[in-house]
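Values in this text are rule-based calculations from the coordinates and carry no lab data. Given the structure is predicted, the values throughout are model-derived calculations rather than measurements. We place every Cβ from the backbone using ideal geometry, glycine too, and count neighbours over all the protein chains shown.
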Amino acid sequence: MNRNLLVSAALLLALAAAGCGGNKAEDSGAAAPPPASAPGAVTVPADLDNGPRAGESPVDEALAGLGEGLFKTKGCTACHAFGTRLSGPDLNGVAMRRTARWMEWQILHPDLMIKQDPISKSLFATYALQMAKQGLTPDQARSVIEFLKKKTKEAGK
Ligand code: HEC
């Protein structure tokens, strides 16, 4: 009985040691990412807000419908509303304030935008909160932007 216990314990220890060794090797591999994915390597383009406002182009109704759902399920409503300021800016009329490209960057890379983009920096100075990255794909961001355009038109902005 005692002997069996000792053998089991020895086996467990051996397995644990093997497991740790394996993990260590993986960790050290992951510690050296390729330079292209290094944080801070992405430069926000300086001309994001140049050109026509997003709301100047027609709304894609099908995408706007998808975007309305995403706006709720992706957590935007936690910080944004239309016609009132929550912890984030009032999005009423936002499509006549910004270009679609600027909004796409703000939605996909809010962390980079508040460090590099002059508009995001000034919004951050007002709201004292960094917009959270909600993990949208570029296609999902474009749908949400169509929804923001639709809301802007409905508000007569
Ligand atoms: C944790 C709160 C928070 C969440 C969640 C959030 N935002 Fe924001 N958002 C902000 C803040 C704060 C700003 C102002 C910029 C900054 O400080 O990062 C902002 C800025 C914006 C702007 C620019 C507003 C303007 O007046 O130009 C847009 C557009 C926007 N957010 C859309 C979204 C969308 C779409 C989502 C969901 C995918 C979202 N946000 C999720 C807080 C949030």
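See the values below:
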{"read-out": "All lysines inside 19 Å of Lys72 as judged from Cα atoms, apart from same-chain residues fewer than 8 positions distant", "value": "Lys133, Lys149, Lys150, Lys151"}
{"read-out": "Segment 59-120 and segment 128-157: distance between their alpha carbon centers, rounded to Å", "value": "3"}
{"read-out": "Lys153 versus Ala41: modelled label distance in nm, points set 7 Å from Cα along the beta carbon direction", "value": "4.0"}
{"read-out": "Stretchable slack from Ala81 to Asn50, in nm (0.36 nm times residue separation minus alpha-carbon distance)", "value": "8.6 nm"}
{"read-out": "Sorted peptide list for 94-100, 115-121, criterion being average Cβ within 10 angstrom, highest first", "value": "94-100, 115-121"}
{"read-out": "Per-residue ³J(HN,Hα) for segment 53-69, Karplus 6.51 cos²θ - 1.76 cosθ + 1.60, θ = phi - 60°, Hz, x for Gly and Pro", "value": "5, 3, x, 7, 9, x, 7, 7, 4, 5, 5, 4, x, 4, x, 4, x"}
{"read-out": "Rough spin-label spacing in nm, given labels placed 7 Å along Cα→Cβ, for Met96 and Gln130", "value": "3.3"}
